[in-house]
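Just below is one structure, and these are the notes that go with it.
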Amino acid sequence: MMYFYVPLIRAWYLHLPKTGGMAIRRNGHLYVNKKQSNIPDDAYIFATLRDPIERFLSAYSMFKYGSDVRKPTRPDFTIDEALEELDKYRDCTEATVANTSEFYYHAFPITHPFWRHDLVKHWLCYQNLESEYKIFCANRGYRIPAIPRYNESNNKMAASDLTCDQKTFLTDFYMDDLDLYMNYLLSKVPSQPK
């Protein structure tokens, strides 16, 4: 798990793979700290949420097709092989995450205890990352320049490219992530006057 300190806003960023973390890391003079034990107990931790199925497709595409900063490492990788890999490591523990594949590390649920998402005090949404990060930083007393997207996959797959069985598997696999994501989205809907 990777945490980065952003001194300009006095906060720690939990970098969850395929949620825009590289863009955040490249904007804000981040200091690397990969050991959770070095993070103060009163640390203000923020992270980025992304639709879990989109996140899976982004991880899959990065390995199959590469990205603007990474060559494809598994060009023959199929969606079904990716799903089998998710299923193979479904029951991994915090202690065994290091023994999974690199793909799994990039795609496994952010609600898995390994990520310690329960420590996050502020969530940003990947789909609105630039605007939400600007507001978040401004609220913490720092104005940031535009943040470019970084490490985007070369092939943009969509959920509509998946079969019904593949979507069902992913919905089941990411059930807790989908709940977290939907609750976040619902929290952003203005309440209606009675």
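Partners of residue 18 within straight-line reach, counting aspartates and glutamates whose Cα lies under 12 Å from its Cα and excluding those fewer than 8 residues away in the same chain: 51, 54, 152.
Would you mind getting me the FRET efficiency between residue 91 and residue 138? Use the beta-carbon distance for r and R0 = 41 Å, nearest 0.05. Before the final figure, lay out each step's value.
Details: r = 42 Å, r/R0 = 1.03.
Efficiency, rounded to the nearest 0.05: 0.45.
Would you work out the relative contact order for region 93-194, in percent, from Cα pairs under 8 angstrom that are 6 or more residues apart? Please report the intermediate quantities before stating the final value.
Values: 28 pairs, mean separation 26.8, N = 102.
Once normalised by length, the contact order is 26 percent.
Between 22, 182, 157, the residue with the greatest mean-square fluctuation in the GNM of the chain (Cα pairs under 10 Å linked by springs) is 182. Between the Cα long axis of helix 129-139 and the first principal axis of the chain there is an angle of about 20°, rounded to the nearest 10. Calculated mean residue ellipticity at 222 nm for the chain: -10500 deg cm²/dmol, from DSSP H runs with n ≥ 4 weighted as -39500 (n - 2.57), summed, divided by the residue count and rounded to 500. The modelled label-to-label distance between residue 146 and residue 98, using points 7 Å beyond Cα along the C-beta direction, is 4.2 nm.
Calculate the FRET efficiency for residue 8 and residue 119 from the Cβ-Cβ distance with a Förster distance of 22 Å, rounded to the nearest 0.05. Could you put the intermediate results ahead of the total?
Working: r = 21 Å, r/R0 = 0.94.
Efficiency for this residue pair is about 0.60.
Simple spin-label estimate for residue 172 and residue 160 gives 2.7 nm between the two label positions (7 Å along the Cα-to-Cβ direction from each Cα).
Name the most mobile residue of 52, 72, 109, meaning the one with the largest mean-square fluctuation, in a Gaussian network model of the chain with Cα contacts below 10 Å. Sorting by GNM fluctuation, first place goes to 72.
Just want to confirm a number: the relative contact order over region 1-146, from Cα pairs under 8 angstrom separated by 6+ residues, in percent. Could you put the intermediate results ahead of the total?
On the way: 182 pairs, mean separation 40.3, N = 146.
Dividing the mean separation by the residue count of region 1-146 yields 28 percent.
Return one whole number: the accessible area per residue of the chain in Å², for a 1.4 Å probe.
Numbers: 10410 Å² over 194 residues.
Here the per-residue accessible area is 54 Å².
With all protein chains present, how much of the accessible area of the chain (probe radius 1.4 Å) comes from carbon and sulfur, to the nearest whole percent?
Working: 5350 of 10410 Å².
With neighbouring chains kept in place, the figure for the chain is 51 percent.
Potential lengthening of the chain between residue 38 and residue 80 amounts to 11.2 nm, from the contour at 0.36 nm per residue minus the alpha-carbon distance. Treating the angle as unsigned and between 0 and 90°, give the value, to the nearest 10°, between the Cα long axis of helix 52-65 and the longest Cα principal axis of the chain. That helix lies at roughly 70 degrees to the long axis.
Would you please calculate the Kirkwood hydrodynamic radius of region 78-194 over all C-alpha pairs and express it in Å, rounded to one decimal?
Details: mean 1/r = 0.0585 Å⁻¹.
When all Cα pairs of region 78-194 are included, the Kirkwood radius is 17.1 Å.
The values are calculated or read from the model by the stated rules, or taken from the named source; none is laboratory data. Quick caveat, the model's predicted, so the values are computed rather than measured. Note that we place each Cβ from the backbone using ideal geometry, even for glycine, and neighbour counts take in every protein chain shown. We work out accessible area using only protein heavy atoms, side chains counted, and drop any ligands, DNA or RNA first. Shrake-Rupley method; radii C 1.70, N 1.55, O 1.52, S 1.80 Å.
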